[in-house]
Amino acid sequence: MDRRQHLSIAALTETWHDDAASPDLIACAPASFKFVEKARARTNELSILTNHGGVCLFHNSTLRARATQLPTCATFEVVAAYVHRAGFKAVVVVVYRPGSDNATQSFFDEFDQSARAIIDILSAGGDRRRL
């Protein structure tokens, strides 16, 4: 990596966290970085075992990020955020599908729903209430 380049955004999967207050997630964020996250839903809320899965979008503090609402998916994990600063606007999406599972028709249906939701967000253009 060219040291003159500065990382602004990093997408992580398999973060193994419970929520935005998880100490491990906070500890792995580089200095001056913030994040938008989506923990894997627990099958047993009373469990104290490690919560596998999870996705996270780290961004440096020169960027502003706001999570966008996407459909809930059972076959993959996804988090999306509207990221911007002067001269830069983007919707960044982090997707993780466990490779140990075969891609089923349900996966393709849910992925299609999510892609359509992202297209709707992008189509909103200047309507920031949707972003």
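The values are calculated or read from the model by the stated rules, or taken from the named source; none is laboratory data. All values reported here derive from a predicted model rather than from experimental measurement. Because the Cβ atoms are built from the backbone with ideal geometry, glycine has one as well, and the counts that use them run over all protein chains shown.
For the reader, a short list of remarks on this structure follows.
- Members of region 46-69 that are hydrophobic (A, V, I, L, M, F, W, C), at pLDDT 90 or above and not in a strand (DSSP E or B): Leu63
- With respect to the conditions (1) touching a residue at least 40 places away in the same chain (Cβ under 8 Å); (2) closer than 23 Å to Ala29 by Cβ, Arg64 falls short on a single one, namely (1).
- Which listed residue is hydroxyl-bearing (Ser, Thr, Tyr), at pLDDT below 90 and within 23 Å of Ser100 (Cβ to Cβ), from Thr43, Thr13: Thr43
- Restricting region 50-73 to residues that are polar (S, T, N, Q) and out of contact with any Lys or Arg (no Cβ under 7 Å at 6 or more places or on another chain), the residue that is farthest from Leu122 (Cα to Cα): Thr50
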